[in-house]
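Input: a single structure, listed below in structure tokens.
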Amino acid sequence: MSLKILFPPSGEGDCIIGIYVDENNNTHSLMVDCGVYTDEIHQIVKDRLNNKIDCLVVTHIDIDHINGVVKMLRKNPDLDIGKIIYNGSTRLCEDEPEKKRLEKIKQRLVELDPNFIEDEIAAKNAASLTFLIVNSEKWRNIWIENVTTEQQEMNLGDLGKLYFLSPTKESLEALEEDYKKEYVRLFYEMENGSSGSLRELVLRYREKREKEINRECKISASIVNEATLKKYASTNDSIDASISNNASLAFVWEVAGKKCLLLGDANPRIVIEQLEEYRKSRNHQDKSILFDVVKISHHGSSHNTTVELMSLIDSCNFIICGYNSDVAPSLQTIAKIIMKEPNPHVSLRHVFMNTHKYKNSEIEFLKKNPIEDIPEYELNVKTEIDLG
Ligand SMILES: [Zn+2]
């Protein structure tokens, strides 16, 4: 029996693969998100998963979580998937005029940002995951949508259980409202033929979203010391409140007696509330719940990990996936992990990052100059851990 967690680089985004081999030597697998479907991930799916994923979870609609999934389904039509958990929408274009408008919008979005849809073939054909799923009987039959904290638990048979910590029903509804507003805006400009203003609107929209992400505080490596870390470990940045991240799935995967906390890009406020429910349901006595592994939210951004959240969880294994130009993973988040109170169940806190591409000179500095007099920690670049 073994449980391995793989987190191969997937562009700026996430791709987490859990491989559980049971006592009869049968392999069961869970994949969460795929930002970029790299050759490495393709090889893992072919060789280590034998082209079979028992449960595929797509946490939310952001491209750094979904583009690679679209490519995987297109590139690998023989892939055997047990279930797909994804909060898309079954409603597709019904009439011809609407289909034409959709086509125009799609072309415009690709023109504005060539990375919006990962590969050219996908851009020409099925750009969205929803389209791919709904138009294939094979995928449609195994699709589970509208998954929220209301339903709490899902039994996956041999693959254990999922306990959902996000999104709430309200945050999923807010995403639907946001989509409607954006759609009306795009539509209105399109119908009036004023592509210049459409361009401006879409870019402004994107800039606004990026600003929300880029508010990380910059510091120079020279001030990385115990005092700075203590400050970061005890204070919060503003919380990420982007509508799509609020609608991100986050959950505990319980399998073979292990507990894996996989946070997607979720909002810590929502997660904290649901963790309290989880604690009650599992009769946990200690204040912080011990997990075998924690995948930190939103690529280690300082806006998704708070002091309150960290006081509720602990682990020997923290994973940070991806990077976001020069902002994530942030030192604020790393400080909140490594400066946690000593815990008799945690001898050493590992922080695993899956890429050398982050540009935080402070983290490089911290790796070369470990801070003493705090509980033992290690920062490593790694893409796979074995939970035994
Ligand atoms: Zn993301």
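Computed from the C-beta positions of residue 140 and residue 26, the FRET efficiency with R₀ = 30 Å rounds to 0.65.
Which of rounded, prolate or oblate describes the stretch 41-89 when judged by the alpha-carbon gyration tensor and an a/c cut-off of 1.5? Verdict is prolate for the stretch 41-89. Protection proxy ranking, highest mean first, for peptides 169-182, 368-381, 234-247: 234-247, 169-182, 368-381, where packing is the per-residue count of other beta-carbon atoms within 10 Å, averaged. How far is it, in nm, from the label point at residue 356 to the one at residue 51 when both lie 7 Å from their Cα along the line to the Cβ? My value for the distance between the label points is 3.5 nm.
Relative protection proxy for 258-269, 25-36, from highest mean packing down: 258-269, 25-36 (other beta-carbon atoms within 10 angstrom).
Only sites in a loop by DSSP and with at most 13 other Cβ atoms within 10 Å count here; which GluC sites (Glu not before Pro) in the stretch 13-98 make the cut?
23, 94
Pairs spanning more than 30 Å between alpha-carbon atoms, out of 52/295; 280/382; 169/340; 280/357: 280/382; 169/340; 280/357. Oblate is the label for the stretch 224-289. Its Cα gyration tensor axes, ordered a ≥ b ≥ c, give a/c of at least 1.5 and b/c at or above a/b.
Readers should treat all values here as calculations from the given coordinates under stated rules, not as data from a laboratory. This is a predicted model, so every value here is computed, not measured. No Cβ is skipped: glycine too gets one built from the backbone with ideal geometry, and neighbour counts run over all protein chains shown.
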